[in-house]
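Taking it in order: structure first as structure tokens, then the write-up.
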Amino acid sequence: MPVDHHKDVGEFSGGWKMRIALAQVLVLKPDLILMDEPTNYLDMETILWLEEWLRNYEGAIFMTTHDRYFMNNVCKKTVEVAHKKVTVYSGDYDYYLKEREIRLDQIKAEYTRQQAMLQKEEEFIAKFKARASHAAQVQSRVKKLEKIDRIEVPVEEAQISFEFQAPPRGSDEVVIIKDLKKVWKKNESDHLVFDNLTATVQRQEKIAVVGVNGAGKSTLLKCITQDVEPTNGSVQLGPSIKMGYFSQFSLESLDPNSTVFDEVRAVLNNASDGYIRNLLAAFLFKGDDVKKKVKILSGGEKSRLVLAVLMSQNCNLLVLDEPTNHLDLSSREVLLETLKNYEGTIIFVSHDRHFLKELADNVYEVDKGGIELYPGRYEYYLEKKNMAAL
């Protein structure tokens, strides 16, 4: 909006900062655009706009992204960097997944045939190497084996592997929200975030909170976790509810000078060293990785560390604000499967359409100072919003 044109960039949210950075690049209309995780922190509306813009863009695009829908809608080639090799697939992400499996099966078949041939040749050499009458044949086969390019089957990449303990049962009414209202003070004026929200979150519900950047999704989660005081109304947890919270600022709460092991030990002070090491190994911190300082971890590693601590708490309510940010695709998939099998209640914010479609069974939309409840899966919400093309 024109009123925002002269604001300091530091006043904007992460999503708006990403929009500004994108605008700086897109307005130049360069021949080549390099993009590193362009959808991080963007709301759905902006992701859809960016997809459409890039589809019509006449230049070249080279990007990294963990948004599979975005890749499928924009990309025509997929480049895999793995096992010290770069492999190009002439299709989108779904094509890459299928083709990679076909290629892996072919490599395994070729490996099996080669191993059978090598074993046969090596048996011949071992049997006749002492016989002068077969010396020429033995030498010929030895040289043949020396020249053969040995086929290697790619080692399967390690993945997060974690199973929840069944959480304590807790109350059937997990979160009771009555007449909830939140107003922020902005430039000496009031800004209404939402008003008149009354709802009850039931046990084992998985609720997606959606809306554009700045609508108040994170504010609603903070009211539920009592990190923010509502202007009016109340939020109450049911009896025997234990809550775990993953926020956009959870990574900043880590001590940069602490080790991975010590960060978990500080929370699980009664757990054995063996339990902590096994927990961290499940989140891909193995061996000496547990001795790494937090300050040298990547964003994905920090996310995995925070999730490891959160998921070990045996909570029966999880409040998750963009839990997939910084996670690679395989880690997102495993986290998704873990949460789908989780027997507790989940309230989450995400802009990952695959995550939303697979996990949510109810949707709360924060928009224009209000919150609307959609009693159905994410597809139901899209149909009601006439957004089925997403």
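Normalised by the number of residues in the range 70-116, the average gap of Cα pairs under 8 Å and 6 or more apart makes the relative contact order 27 percent.
Of the GluC sites (Glu not before Pro) found in the range 44-115, those that fall in a DSSP loop while having at most 10 other beta-carbon atoms within 10 Å are E58.
The value for the range 173-384 of Rg(Cα) / (2.2 N^0.38 Å) is 1.07.
Which trypsin sites (Lys or Arg not before Pro) from the range 115-213 combine a DSSP loop assignment with at most 10 other Cβ atoms within 10 Å?
Sparse-neighbourhood loop trypsin sites (Lys or Arg not before Pro): R131, R150.
The distance linking the range 252-313 with the range 17-40 is 34 Å (Cα centroid to Cα centroid, whole angstrom).
Under a 5 Å amide H cut-off, with hydrogens placed 1.01 Å from N, V228 pairs with C223 among residues at least 5 apart or on other chains. Geometric descriptor of the range 94-147, per residue, is 62 Å³ (volume of the convex hull of the Cα atoms). In this structure, the residue pairs whose Cα-Cα separation is over 24 Å, taken from K127/K147; K17/K217; K178/K242; K222/K292, are K222/K292.
Residues within the reach of a label modelled at V153 (point 7 angstrom out along Cα to beta-carbon, backbone nitrogen below 13 Å), restricted to the range 108-125, are 108-116.
Determine the percent antiparallel among the DSSP beta bridges restricted to the chain, to the nearest 5. Percent antiparallel among DSSP bridges in the chain is about 55. Rounded to the nearest 10 degrees, the inclination of helix 299-311 to the longest alpha-carbon principal axis of the chain is 70 degrees.
For the range 307-384, the list of trypsin sites (Lys or Arg not before Pro) that fall in a loop by DSSP and count at most 10 other C-beta atoms within 10 angstrom is empty. Stokes-Einstein diffusion of the chain at 25 °C, 0.890 mPa s viscosity, Kirkwood radius from Cα pairs, rounded to a whole number: 100 µm²/s.
Every number here is computed from the coordinates shown, using simple stated rules; none is lab data. Since this is a predicted model, take the numbers as computed values, not measurements. All Cβ positions, even for glycine, are placed from backbone atoms using ideal geometry, and neighbour counts span all protein chains on display.
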